[in-house]
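Report on one structure; see the data block that follows.
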Amino acid sequence: MFVHKAYKFRIYPTKEQEILIAKTFGCARFVFNYFLAEWERAYRTTGKGLTYKVCSSQLTSLKKQFVWLKEVDSIALQTSLKHLSDAYTRFFQKQNNKPRFKSKKNKVQSYTTKYTNGNIAVVGNRIKLPKLGLVR
């Protein structure tokens, strides 16, 4: 049996890191909203929604179309797709309401990344995060 661990940190980023974090919030929100609209459009036309695999394959072409998506952590973008897929799964199992578009005006902004190949580490009183580097 696997034991999942999560840690919550209060970070003190530099100005450049704050800008990159804000970009990551925006890009994750953009990807979620873009594929939510695509999912609804596909459902209206065909009667079937999209899958995570289809959205994930379309994400690479979306990155070519919008170059600024390459500036942020790619795992955060994949995770926002995963959250959308989970939201629709729960909706069709009648556990939740239909997924809604994410708003920039919501006071809670967040993104999720995951540990792969040592990309997250605690070094002294700093944490190493993907694309951000060491954050106090």
**Report entry** Near-label residues of region 63-82 by backbone N, under 18 Å of a point 7 Å along Cα→Cβ of ALA22
**Finding:** 68-69, 71-73
Report summary line: The rounded separation in angstrom of the Cα centers of region 1-61 and region 63-84 is 6 Å
Requested in this report: Work out the P(r) tail for the chain: percent of alpha carbon pairs separated by more than 28 Å, whole number.
Outcome: 25 percent
Query raised in the report: What's the extension gain from VAL108 to LYS82 if we count 0.36 nm per residue and subtract their Cα-Cα distance?
Result: 7.5 nm
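We did not get these values from a lab; they are worked out from the coordinates using the rules stated. Since the model is a prediction, treat every value here as computed from it, not as a measurement. Neighbour counts are summed over all protein chains in view; Cβ atoms, including those assigned to glycine, are modelled from backbone coordinates with ideal geometry.
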